[in-house]
Amino acid sequence: TQNTAEKTPVTLLGLGAMGTALARTWLAAGHPLTVWNRTPARAAALATEGARIAESAAAAVAANHLIIVCLLDDASVEEALAGTDLAGRDLVNLTTSTPAQARARAEWARQRGARYLDGGIMAVPPMIGVPEAGGYVFYSGSPELFERHRETLAVPAGTTYVGEDASFAALHDVALLSAMYGMFAGAAHAFALIRKEDIDPAALAPLLADWLVAMAPAVHQTADQLRSGDYTKGVVSTLAMQVAGTPTFLNTAEQQGVSPELLTPYFELMRRRLAEGSGEEDLTGVIDLLVR
Ligand code: FVH
C-alpha cells in the first residue's frame, strides 16, 4: 500500500493519450492527483481510479503547487492556462513545442510568478510507466525546480536534464525525432527496393534493425570530429569512396522501379562537399553544409 501523505500532490492538465498514461502512473504511485481536461468525459475513467476532477483549469491550478500540462500544442497551453492564477506555482510543460515557443513560455510563466520547467517526451503512451521500455523525458529550465520535483517527475518515465535554457528540452526532442525520421526514410527506401520481389518484408526487418543498430555508434565518431574540427579523424569510409558508390544505389533504385527521392538530397550534399575538396573526410562535412 502507498502512503499518499508523503507523495507530492500533482495537478495535470490534459488527458489525451499521453496525459492519461501519465496520470495513471502518478495514481498508481500514490500521488494525490487533480486532473482537468477540456472535454470532461475523458476524465471520467480516471475519477474511478482515484483522481480528483477539477471543474475548470483555474480550479485545477488552484488545487496544487505542482502543475503539469500535457496538451496538444503551445496554442492549447496558452488557451488552457489563460484564466488561471500561476503565482507561486511550479509549472512543468510536457507539451511538444518548438525551442522558441518553450523559451517564450518560460518567460510568460516567469511574468506570472511561476517557476518553469519544459519537457520533451521521448516515449509513446504505452512506454509510460514501463521503465524497461526505455522511454524518458528531457527537461530544461530551472535546475532548482528539477531537483525539487525529480522524484515525482521520474514516476512516469526516466528524466534527463539538459540545461537551464528552457528551450533545450524541445531542441533535444526535435533533434532526436529528426534523426528518427531520417532512419524511417532509409527503412522506407529499403522496403521499397524489395517490394516487388519474392522477399518477405518480415525477413528483411530483423536484418534492417540489426544493421541500423550496428551503424548507430557512428554518431560518436561524428561528435568527436565536430569537437576536434578534424573531419578525417578515424575515418574508415572516405567521402570520395562513398560518392563513387552513389550510382550503385541510384541504378539499383531505377532497376527496382523505386523513386530515388529519399536518397538524392543526401547524395547531393555529399557531392557538394566532395566538390569543395573534402574527399578524404568522413561524412561530417555535410553538417556544415546544412548549417546556414
Ligand atoms: N502520443 C504520442 O505518441 C506522443 C509521444 C511524444 C509526446 N507527444 C506529445 O504529447 C502531447 C500530448 O499528446 P497526446 O498524445 O496526449 O495528444 P492527444 O491525445 O491528441 O490529446 C491532446 C490533448 O490536448 C487537449 N487540447 C487540445 N487543444 C486544446 C485547447 N485548445 N485547449 C485545451 N486543451 C486542448 C485535448 O483536449 P480534448 O480534445 O480532450 O478536449 C487533449 O487533452 C503533445 O504535445 C504531443 O506532441 C505525444
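The values are calculated or read from the model by the stated rules, or taken from the named source; none is laboratory data. Source: prediction; values computed, not measured. Neighbour counts run over all protein chains shown; Cβ positions are idealised from the backbone, glycine included.
Somewhere in the range 100-112, is a residue within 16 Å of the ligand (Cβ to nearest atom) and not in a helix (DSSP H, G or I)?
No, the conditions are met nowhere in the range 100-112.
Of the residues that make up the range 54-64, is at least one within 12 Å of the ligand (Cβ to nearest atom) and surrounded by fewer than 16 Cβ atoms within 10 Å (Cβ to Cβ)?
Looking for residues that are within 12 Å of the ligand (Cβ to nearest atom) and surrounded by fewer than 16 Cβ atoms within 10 Å (Cβ to Cβ), one finds at least one in the range 54-64, hence yes.
So, in the range 66-78, how many residues would count as being loosely packed, with under 15 Cβ neighbours inside 10 Å and within 15 Å of Ala109 (Cβ to Cβ)?
So the count comes out to 1.
Please count how many residues of the range 118-135 are more than 15 Å from the ligand (Cβ to nearest atom) and surrounded by 19 or more Cβ atoms within 10 Å (Cβ to Cβ).
Result for the range 118-135: 0.
Taking into account only those residues within the range 4-33 that are within 16 Å of the ligand (Cβ to nearest atom) and small (Gly, Ala, Ser), which is nearest to Ala57 (Cα to Cα)?
Gly14
Can you say whether Ala80 is part of a helix (DSSP H, G or I), in the same structural domain as Arg112 (by TED's automatic domain parsing) and near the ligand (Cβ under 8 Å from one of its atoms), as far as the supplied structure shows?
Yes.
Can we say Thr96 is within 15 Å of the ligand (Cβ to nearest atom), hydroxyl-bearing (Ser, Thr, Tyr) and closer than 15 Å to Gly16 by Cβ?
Criteria met by Thr96.
How do the pairs read when you match residues in the range 266-292 that are more than 17 Å from Thr222 (Cβ to Cβ) with residues anywhere that are outside any helix (DSSP H, G or I), using Cβ under 8 Å and keeping only pairs 6 or more apart or on different chains?
Gly279/Thr238
Hey, any hits in the range 42-53 for a residue that's crowded, with 23+ Cβ neighbours inside 10 Å, in the same structural domain as Gly158 (by TED's automatic domain parsing) and near the ligand (Cβ under 10 Å from one of its atoms)?
no
Any idea how many residues of the range 187-222 are within 25 Å of Lys233 (Cβ to Cβ) and part of a helix (DSSP H, G or I)?
The qualifying residues number 10.
Can we say Thr159 is in contact (Cβ under 8 Å) with a residue 40 or more places away in the chain and either outside the structural domain of Ser278 (by TED's automatic domain parsing) or surrounded by 13 or more Cβ atoms within 10 Å (Cβ to Cβ) (or both)?
Answer is no for this residue.
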